[in-house]
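Written below as structure tokens is the structure these notes are about.
The values are calculated or read from the model by the stated rules, or taken from the named source; none is laboratory data. Keep in mind the model is a prediction, meaning the values are calculated, not measured. Cβ coordinates were reconstructed from backbone atoms using ideal geometry, including for glycine residues, and neighbour counts include every protein chain displayed. Heavy atoms of the whole protein, side chains included, go into the accessibility calculation; ligands, DNA and RNA do not. Shrake-Rupley method; radii C 1.70, N 1.55, O 1.52, S 1.80 Å.
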Amino acid sequence: MASGKENGGLDNLAFDMDVQVNYQPGGKEGKTSGSRCIAEEDRNKPTYGVTDVPPWYLCIFLAIQHYLTAFGAIISIPLIVSEGLCLQHDSLTQSHLINTIFLVSGLCTLLQVTFGVRLPILQGGTFALLTPAMAMLSMPEWKCPAWTQNASLVNTSSPLFIEVWQTRMRALQGSIMVASLLQILVGFFGIIGFLMRFIGPLTIAPTVSLIGLSLYDSAGAKAGSHWGISAMTTVLIILFSQYLRLIPIPVPTYSKAKKLHTSKFFVFQIMPILLGIAVSWLVCYLLTIYDILPSNPTHYGHLARTDVKGNAVNEAPWFTFPYPGQWGMPTVSLAGVFGIMAGILCSMAESVGDYHTCAKLSGAPPPPKHAINRGIGIEGLGCLLAGAFGTGNGTTSFSENVAALGITKVGSRMVILLSGVFMILMGMLGKIGAIFSTIPTPVVGGMFLIMFGIITAAGISNLQSTDMNSSRNIFVFGFSLFSALVIPNWIIKNPDLLKTGINEVDQVLHILLTTHMFVGGFLGFFLDNTIPGTKRERGIFVWDKVHLEDSSNTLGTNEVYDLPFGITSCLSSQSWVRYIPFCPWKGHRSLPNTGVIDELAL
């Protein structure tokens, strides 16, 4: 680890990664298999651990890289939510939503790394809350008026239009804020361990998969605005992320050892989505200025023009400062609260898995119970903040950025802290949000085809720890997934048939039963916990096995999870601290790392 730091680290990370992967000490064929095992073990160790601090210039580069990794998912959430809020023709407000979600994501990242689980894990918007939010906004009382769908009839500065979308936003805000109290309670009171006894891969897999599958209509509508541009965007992202990802681009770099020299930079692997969007955006701009795309709003392909929302950049201020309650006093919808709670339960289960994966990739020991409790509690506070600021969404751990740790071999939390600072700064630059809001609709649609497909596949990948040769597991997953597509579709087409006589109950049932991920997750949860099956068959103990096999690569100390600023030292001598679920105490030092999963009863 020391050698990597002495050379500045550039040649070991995002630069020259092929050299790092194929490197064998000694370079001789006559080495024993034991030395090859040592080399393999060394390659799995991070170049920079959780508590290490890379050189400042490397910190900046890697922080920007994490920001760009999360970029696609973060900006897509406001663009989707804006449809339910009747804002599809108000690009200036869309840009403000983008600024707000970046600012809140940065704040939540700083809170998570400093006081939460204390691992290098980025926070951002969550698709788990997007589905129930859209289900809530599709209810008859919240459905957008017909005139808001026609750009020529929308006056974005009129009090009537402002009241239409702000009323919906305030209801969504209040629902998110109330529902986030569940996550705060589960985290800081240590209830997550009890819940995780019953939530296994057969619950998580259909739930996460349905987040992507349920958004097919939104992706199709945007991609269908110009299939040629959408297909080009999709092909470019596939080309960059899959075919060219190991093709390096030579760039000039500097290190103390080699001075000014050329290094290989894997640009396609680091930012394929951003590159794909940028190229397609440029093509749309050229087609617009040469007037190849139709200028008539009623003609097919008009939404591919870059001047459809061009006024947003000119009207947007250079600096903007999102603040809590900027859209007015939040209101609460009981039905919305229950729907958002379903999404929060899914988000919590995902986050626990992200914590363990992040610990493994960053060279830290498996997170103890108090760190997991704090992490979930801080995510709940993040959802509360996101609701108060008015992002129309919550916050969660980003799995994409956890995966980036394995690529770069840099598990330093200082890098993630700096990335959070960058997101806060980007959230304050009004022109930046306005530029992103003007991305042509078919370009966004092409990005959605990739992104939602990956979310669906990521959900299904949870099944790798289960025995899928078991007819029990095939039945549970298949029935849960298919029923979650059939039931919401039927209810949406027959809304009047779901009547109990009590309006509030009707609203709750409508949102829950039209939220695909809730239906699939509930059926998977119920069947997996009632149909007889062994824990190995159900894949419950997979994390325990992974960490036992990987224990040689960890730091071997739980001090990395201690609270900052000497808080743990002050509290460790107090006997009552052991009863606080989210506080570390000196008794944790004697607990073996491998017992963490047993504590959670996974």
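Between SER152 and ILE580, what is the FRET efficiency for a Förster distance of 51 Å, r being their Cβ-Cβ separation, to the nearest 0.05? Before the final figure, lay out each step's value.
Numbers: r = 59 Å, r/R0 = 1.16.
The value I calculate is 0.30.
For the range 178-301, state the semi-axes of the equivalent ellipsoid (square roots of 5 times the eigenvalues of the alpha-carbon gyration tensor), sorted largest first and rounded to whole angstrom.
On the way: eigenvalues 294, 194, 41 Å².
Computed over the range 178-301, the values are 38, 31, 14 Å.
In the chain, if every C-alpha pair distance is counted and binned at 20 Å from zero, what percent goes to each bin?
19, 53, 25, 2, 0
DSSP loop chymotrypsin sites (Phe, Trp or Tyr not before Pro) in the range 200-281 with at most 16 other Cβ atoms within 10 Å of their Cβ, which ones? Don't skip to the end; give the middle numbers.
Values: sites: TYR216, TRP227, PHE240, TYR243, TYR254, PHE265, PHE266, PHE268, TRP281; in loops: PHE266.
The qualifying sites: there are none.
Dividing the convex hull volume of the Cα atoms of the range 333-464 by its residue count, what figure in Å³ per residue is obtained?
Taking the convex hull of the Cα positions in the range 333-464, it is 164 Å³ per residue.
Modelling each spin label as a point 7 Å along the Cα-to-Cβ direction, I'd like the ARG197/PHE319 distance in nm, to one decimal.
Modelled inter-label distance: 5.4 nm.
Using a 1.4 Å probe on the protein heavy atoms only, what accessible surface does THR530 show? Give it in Å² to the nearest 10.
Surface open to solvent at THR530 totals about 80 Å².
I'd like the carbon and sulfur percentage of the solvent accessible area for the chain, probe radius 1.4 Å, heavy atoms only, ligands and nucleic acids excluded.
Details: 16810 of 25530 Å².
With neighbouring chains kept in place, the figure for the chain is 66 percent.
Hey, which of these cross-link pairs are over 22 Å Cα-Cα: LYS309/LYS431; LYS369/LYS409; LYS45/LYS535?
Working: LYS309/LYS431 13 Å; LYS369/LYS409 25 Å; LYS45/LYS535 31 Å.
Violating the 22 Å Cα-Cα cut-off are LYS369/LYS409; LYS45/LYS535.
Net charge within 14 Å of ASN503 by Cβ-Cβ distance, Lys/Arg positive one each and Asp/Glu negative one each, not counting ASN503 itself?
Net local charge, ASN503 excluded: -3.
Over the chain, what is the relative contact order in percent, taking alpha-carbon pairs closer than 8 angstrom and at least six residues apart?
Values: 1102 pairs, mean separation 178.0, N = 602.
Reported relative contact order: 30 percent.
Quote the FRET efficiency, to the nearest 0.05, computed for LEU334 versus HIS299 with a Förster distance R0 of 45 Å and r equal to the Cβ-Cβ distance. Let's see the in-between values first.
Working: r = 44 Å, r/R0 = 0.98.
Approximately 0.55, to the nearest 0.05.
May I ask you to derive the FRET efficiency for SER569 and LEU185 from their Cβ-Cβ distance with R0 = 30 Å, giving the value to the nearest 0.05? Intermediate results must be reported in sequence, preceding the final value.
Working: r = 28 Å, r/R0 = 0.94.
Efficiency for this residue pair is about 0.60.
Give me the distance in nm between label points sitting 7 Å out from Cα along the Cα-to-Cβ direction at PHE482 and LYS535, one decimal.
3.2 nm
On average, how much area does the Cα convex hull of the range 95-229 cover when viewed from any direction, in nm²?
Working: hull surface 47.2 nm².
For the Cα atoms of the range 95-229, the hull's average projected area reads 11.8 nm².
Among 568-579, 468-479, 352-363, 53-64, what's the highest-first ranking by average C-beta atoms within 10 angstrom per residue?
Values: 568-579: 12.7, 468-479: 15.7, 352-363: 24.2, 53-64: 18.3.
Top of the packing list down: 352-363, 53-64, 468-479, 568-579.
Report the charge-dipole magnitude of the chain in Debye, nearest 20, computed about the Cα centre from +1 at each Lys and Arg Cβ and -1 at each Asp and Glu Cβ. Please report the intermediate quantities before stating the final value.
Working: 35 positive and 34 negative charges, 174 e Å.
With only Lys, Arg, Asp and Glu charged at Cβ, the dipole is about 840 debye.
If you roll a 1.4 Å probe over the heavy atoms of the protein chains, what accessible area per residue do you get for the range 189-263, in Å²?
Values: 3740 Å² over 75 residues.
So the range 189-263 comes to 50 Å² accessible per residue, rounded to a whole number.
Checking a compactness column here: for the range 345-395, what do you get for Rg(Cα) / (2.2 N^0.38 Å), N being the number of residues?
Details: Rg = 12.4 Å, N = 51, 2.2 N^0.38 = 9.8 Å.
For the range 345-395, the normalised Cα radius of gyration comes out at 1.27.
Hey, could you get me the Stokes-Einstein D for the range 255-399, Kirkwood radius over alpha-carbon pairs, 25 °C and 0.890 mPa s, rounded to whole µm² s⁻¹?
Numbers: Rh = 20.7 Å.
Here the translational diffusion coefficient equals 118 µm²/s.
Using modelled amide H (1.01 Å from N, peptide plane; none on Pro or chain starts), what sits under 5 Å from the amide H of LEU429, excluding residues fewer than 5 places away?
Under 5 Å from the amide H of LEU429: THR320.
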